[in-house]
Amino acid sequence: MVRSIGFDVVSEVAFGADLVAKKYKDLIDQGNDKTYISSDCPAVVSYIEHYHTALVKDLVPIASPMVVMSRVMKKKYGEDINITFIGPCVAKKSESDEVDEMITFTELRDIFEEKGITQKTVKPTEFDPPLGGKGAIFPISRGLLQTAGITDDVFDGNIIVAEGRNNFQEAISEYEDGLIKSQRLELLSCEGCIMGPGMKSKGKHYARRILVNNYVQKKISSLNEEEWQSHVDEYINIDLTAKFEQKRKDLRFPDLNEVKKVLESLGKLDPKDHLNCGACGYDSCEEHATAIVQGLAENEMCLPFTIEKLHNSVNELAVTNDKLTSIQQALRQSEKMASMGQLSAGIAHELNNPLGVVIMYANILLEETSKDSAVYKDLKLIVDQTNRCKKIVGGLLNFARKNQVNASKTNIIALSEQCIDAIVVPKNINIKIDSSELKDAYAMLDHEQMTQIITNLLKNAIDAMIEKGEIEIMLEDDNNNVIFRVRDSGIGIESENIDKIFEPFYTTKDIGKGTGLGLATAYGIVKMHKGKITVESNTNTDIGPTGTEFKISLPRFQ
């Protein structure tokens, strides 16, 4: 299948592992007291070169099987060949310049899929010589030792085997601190190369181990040992050495205050907030914060911080969505009210003149008619009802914004007090003014029009309370606006009626008790003042106290 991609030669790195194991065995058999750290795992080597530079001298000076096999290929086929290594480890990509390209087994499968290469589309072939022997067992844990025929028996006590990200780091730290007196450390960043990050993530460790074992046993049983030994003898004298260097870039270690500030930015204000979950890739929150100060990490690598940030973003989006919905409703309401305003203005214009004529002639006839006459009562009724129509037309004109705002400097506390004095307040109802949140009581408003609004809201609030209750006028402000809140403890407004209460002629009162123009007129006046009027109401005692609150926000300066 690999040949089908376009490769001329496909050789197994196991032969390079055979040479490395033999060289490693010769080094150990010298019997000196020199301590060694295995150098076949590029992740471990890179870690030591960057973070434990004092131990670079202890790395076994032997190249990895990949590098050794590339040297074998160049000796066999010439220095100008192009070499691609296929393996289970992403760390191999930066291990050596002697290999032109490196791809993982996961990437290899992607190539097969892209080119449509399967086991059924190719003819099986053997690897090109030199063939590997026992070195094929290299990718499993203790593979180097088994290939070299070295025992790590616990009674010998001179070999420490550690595999896995945390275990190999711990072994290196203890070795560096002098706690381990072993002559050799056999270290792997993964639990064997078969669990490398370049493999399929769902593979099972022991199942893979059995597959490799079975493959090696079958391979050894059919291996031509004479041919294999001849190849070993041919290539054993090539350069198998490797040189390692200190690569650490010294970073400034931040002081405690810098680390503390970063921890606070992550929401870790107290030691109990330090979860040390390891999701960021560091062993503790302090290590992560230190790396952030050094420019090696980001705040978003902290999973709890990122989750909290996500929750905040979701909440902000919800608030923004609510505001957008409110603005859309206000826009629809404004469009509807603008259309009704045009209609109302047209109706008022058409009715004004004939109503004036009716009132004038009805009053003339009324003056010429005896008060004892039955006709007098009829004429009086005509005059009264015509005047009522005149008031309705006047309300329509106000709603249609045909009036002007005559703004003057107004004390809104005094305005509110005058509005209370202008209405009849039943004894069972208490009205109060709260101006504790008001910093500046003065604003440029139309005194007469605002009196009309507040008195209308107070009358509606009184009508909404059956027996007794309270009405509160709350006055607030900021630098640019003054705010009136008129709150009552009445029966409330049904939710389905909220969107209709500012429409002309809409009323929840009984027939004859309201024209349905009070709130429509208030809406028009507020808009003429370039302000906003909103309403909140509750009719369900299970939720909380019933009642309604109107909020009017007006620019302080018109």
Completion exercise
Between Asn430 and Asp270, Cβ-based FRET efficiency (R0 56 Å, step 0.05) works out to 0.70
Handout entry: Where N is the number of residues in the chain, Cα Rg divided by 2.2 N^0.38 Å
Key = 1.85
Completion exercise
Answer in debye to the nearest 20: the dipole magnitude of the chain about its Cα centre, from +1 Lys/Arg and -1 Asp/Glu charges placed on Cβ, is 1840 debye
Exercise for the section: Would you mind checking Lys380/Lys527; Lys439/Lys500; Lys115/Lys202; Lys377/Lys468 for any pair whose Cα atoms are more than 31 angstrom apart? Expected result: Lys380/Lys527; Lys439/Lys500; Lys377/Lys468
Exercise for the section: Please find the FRET efficiency linking Lys532 to Asp421, where r is the Cβ-Cβ separation and R0 is fixed at 41 Å, and quote it to the nearest 0.05. Expected result: 0.90
Exercise for the section: Take the alpha carbon atoms of segment 133-292, find their radius of gyration, then divide it by 2.2 N^0.38 Å using N residues; give the quotient. Expected result: 1.46
Completion exercise
antiparallel share of DSSP beta bridges within the chain, to nearest 5, in %, is 60 percent
Practice task
Counting other beta carbons within 10 Å of each Cβ, put Glu163, Glu186 in order, fewest first.
Solution key: Glu163, Glu186
Problem - Packing-based order for 166-178, 211-223, using average beta carbon neighbours within 10 Å, highest first - result: 166-178, 211-223
Completion exercise
The FRET efficiency for Leu296 and Asn497, from their Cβ-Cβ distance with R0 = 60 Å and rounded to 0.05, is 0.45
Practice task
Show the residues, 5+ positions off or on another chain, whose built amide H is closer than 5 Å to the amide H of Cys190.
Solution key: Gly164
Problem - Distance cut-off 22 Å, percentage of C-alpha pairs in segment 406-558 lying past it - result: 38 percent
Completion exercise
Taking a ≥ b ≥ c as the square roots of the Cα gyration tensor eigenvalues, with a/c under 1.5 meaning rounded and otherwise prolate when a/b beats b/c or oblate if not, segment 177-270 comes out prolate
Handout entry: Alpha-carbon spread of segment 358-477, three principal axes, descending order, Å
Key = 60, 39, 21
Problem - Computed over segment 2-235, the ratio Rg/Rh where both radii use C-alpha atoms and Rh is Kirkwood - result: 0.96
Handout entry: Within-10-Å neighbourhood charge of Lys260 [Cβ basis; K, R +1; D, E -1]
Key = -2
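Rule-based calculations on the coordinates, nothing more; no lab input. Computed from a prediction, not measured in an experiment: that's the story for all the values here. Backbone-built Cβ (ideal geometry, glycine too); neighbour counts: all protein chains shown.
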